[in-house]
Every structure is written in structure tokens, then in C-alpha cells.
Amino acid sequence: LAVAEGLEASGGTDLHSGLVRGYELAEKHYGPTRLNRVILISDGGANVGVTSGDLIGEKSKDADKEGIYLVGIGTGPAIGYADKLMDAVTDKGRGAYVYLDKPSEATDVFVNRFDEVMEVAARGVQIELTMPWYFQMHKFYGEEYSENPKEIEPQHLAPNDAMIFNQVLKACSSSVVEPTDTITVRAKWKTPLAYLDQQTEVTMTVGDLLAAQKAGLPKAKAIVAYAEALKAPSKQAFDDALALIKLADPAGTDPALNEIASLIALHPQSQ
């Protein structure tokens with residue numbers, strides 16, 4: 001605390017040197033039987049030394065091979081916040097990335113959500129979808145997709161984490177769709193410490209899949225609508241996202257959707 005309180009701003013942010021020093025300390029105290037972390041707290045504004053997000057992230061990428069994960073904590077005023085730089089660094093470091101928009105969020109992130117932010121339950125997660133020949137992906141809301149798994153950067157998941165893969169598939173013609181054809185979803189990952197390969201899969205017919213209860217889909221649509229509204233802000237876009245939130249959670253009991261709704265209310269273009 002004394003060191004932190006003694007820091008003074010001088011107009012320069014050498015983010016690269018800070019990361020290098022952080023990894024030096026992490027490597028010095030490295031423990032092969034525990035999860036190792038470098039925590040970067042920054043407004044993302046690197047203007048001294050190496051400022052390229054790719055170059056900054058290389059140290060994270062190299063260290064990740066040895067099990068040292070980078071956790072990014074964004075902070076500072078939202079106006080002028082360098083989201084792209086912090087996203088590039090933490091993406092290569094495979095760690096969580098959160099933004100503190102107010103002091104109370106620090107307690108939420110470092111206390112209530114500590115396991116979620118700091119730990120990794122499944123390393124290098126990849127999802128593989130095998131579907132009938134007549135289907136093709138029309139829209140995909142996610143990080144990346146490819147028919148070649150080597151082209152996709154795998155993701156890490158934290159304890160109690162959940163991911164919804166929202167995709168829109170279309171058939172070349174409705175006349176060729178066969179309800180008895182199968183669709184297989186296969187998940188692959190590694191254990192966080194021993195890096196042991198794990199795999200699980202589920203196969204359903206097209207007919208059963210279309211008839212099944214889709215508990216996560218309304219929430220996924222609401223989250224996607226919010227993300228799309230942020231890319232092209234307008235009152236109508238935010239109103240549409242709020243309508244989908246209400247449809248997905250009529251009782252208002254979902255914490256994530258409640259948080260999104262509160263953020264929409266604060267956005268100047270939602271008024």
C-alpha cells in the first residue's frame with residue numbers, strides 16, 4: 001500500500017516494461033503445482049516503450065506455455081479507455097479481462113468473483129460442430145470459427161463459467177432437410193495443471209434438436225443484441241436489447257442480464 005500510494009503520474013505509461021518485470025517476478029516464484037498469475041491493472045494507455053498490443057502480448061503468450069496466465073484489470077474513466085490494447089494483451093495471455101467502472105466493482109471482482117477471475121478450470125477449450133452437408137453457417141457470434149481447428153485460438157474457462165455459442169444455420173433448401181440426420185457437438189479441453197486431454201460430445205437428430213427446449217438461447221440472443229448495440233449505438237438498438245432481456249428473464253432474477261440492463265440505462269444513446 002505504501003508503494004502504491006507513493007506512485008506519481010508523469011504522463012508516460014511503459015506498459016511493456018511493466019509486464020516484463022511482472023513476468024520476471026512470476027517466473028522467479030513459479031510453482032508447477034499451482035496456478036500462477038500476472039495481474040495487469042491499467043487504463044490500457046501505453047505511450048512509452050513498445051506500444052503495439054501484439055508485441056506486448058508476446059511475453060504473455062510465451063509465458064502461457066509454462067502455465068503463467070495474464071489477468072487484465074481495466075480501470076480509469078470510460079471516455080478514452082483503450083479497450084483494444086488491453087483486449088489484445090489478455091487475449092494472448094489467455095487470462096480473464098474485466099473492467100472496473102467504479103470502486104465498488106473492485107470488491108466484486110477481487111472478492112465475490114475471485115475464483116472466476118483468477119482461476120482456470122478448463123484450458124484450451126475448443127468446440128467442434130459436425131452437421132449434415134446441406135447446412136452452412138449463416139451467422140456466428142463468437143471469437144473465431146474455421147474448418148481447420150489449428151486456425152482457432154482456444155479459450156480458457158474459469159470455475160462456474162458458462163459459454164453460449166450462438167450460431168444461425170441455414171439449409172441450402174428446406175426440401176433436403178432430413179429430421180433423422182444427426183448433429184454432433186464435441187468439446188475438447190485440457191486440465192489446467194497437468195494439461196491432460198479431455199473430451200466430451202453429444203449427438204442429436206435434427207428433429208430432436210429443433211423440438212428441444214432451448215433454455216440458453218433467449219439469454220444468448222439478449223447478450224448478442226447488447227453487443228451489436230454497442231457496435232452501432234442507437235435508442236432503437238438498445239430498446240431491442242432490453243426487450244430481449246425482458247423476454248429471457250421476465251422475473252428479473254438473472255444477475256448478468258440485470259447488469260446489462262443497468263449499463264444500457266447509463267448509455268447516453270439509450271435515452
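The values are calculated or read from the model by the stated rules, or taken from the named source; none is laboratory data. Worth saying up front: this structure is predicted, and the values here are computed from it rather than measured. When the accessible area is computed, the model is the full protein with side chains, heavy atoms only, and any ligands, DNA or RNA have been set aside. Shrake-Rupley method; radii C 1.70, N 1.55, O 1.52, S 1.80 Å.
Using only Cα atoms and rounding to the nearest 10 degrees, what angle (0 to 90) does helix 15-28 make with the longest principal axis of the chain? Orientation of helix 15-28: about 90 degrees from the principal axis. Listed values for the range 3-14 are Karplus-derived 3J(HN,Hα) couplings in whole Hz (6.51 cos²θ - 1.76 cosθ + 1.60, θ = phi - 60°), namely 5, 4, 5, x, 6, 10, 7, 10, x, x, 10, 8, and x replaces Gly and Pro. Counting only alpha carbon atoms, the long axis of helix 53-64 and the longest principal axis of the chain meet at about 90°.
Sorting Leu263, Leu85 on solvent-accessible area from highest to lowest, probe radius 1.4 Å, gives Leu263, Leu85. Calculated mean residue ellipticity at 222 nm for the chain: -10500 deg cm²/dmol, from DSSP H runs with n ≥ 4 weighted as -39500 (n - 2.57), summed, divided by the residue count and rounded to 500. What shape does the range 142-271 take by its C-alpha gyration tensor, where a ≥ b ≥ c are the square roots of the eigenvalues and a/c under 1.5 counts as rounded, a/b above b/c as prolate, and the rest as oblate? In terms of gyration-tensor shape, oblate. Taking the square roots of five times each eigenvalue of the Cα gyration tensor of the range 45-133, the equivalent ellipsoid has semi-axes of 25, 20, 15 Å, listed largest first.
Rolling a 1.4 Å probe over the protein heavy atoms of the chain, with every protein chain left in place, gives an accessible area that is 55 percent carbon and sulfur. Based on protein heavy atoms only, the chain ends up with 62 Å² per residue of surface accessible to a 1.4 Å probe. Under 5 Å between amide hydrogens, built in the peptide plane, is the criterion, and for Ala82 it picks out Gly45 among residues at least 5 positions away or on other chains.
Hey, in the GNM for the chain with a 10 angstrom Cα cutoff, which one of Val50, Val176, Val98 fluctuates hardest? Evaluated over the chain, the most mobile residue of the options is Val176. Assuming a viscosity of 1.567 mPa s and a temperature of 4 °C, what translational diffusion coefficient in µm² per second does Stokes-Einstein assign to the chain, Rh being the Kirkwood radius over Cα pairs? Answer from the Stokes-Einstein relation: 61 µm²/s. Each part gets one Cα centre, and for the range 1-27 versus the range 200-267 those centres are 39 Å apart.
Counting only DSSP beta bridges whose two residues both lie in the chain, roughly 70 percent are antiparallel.
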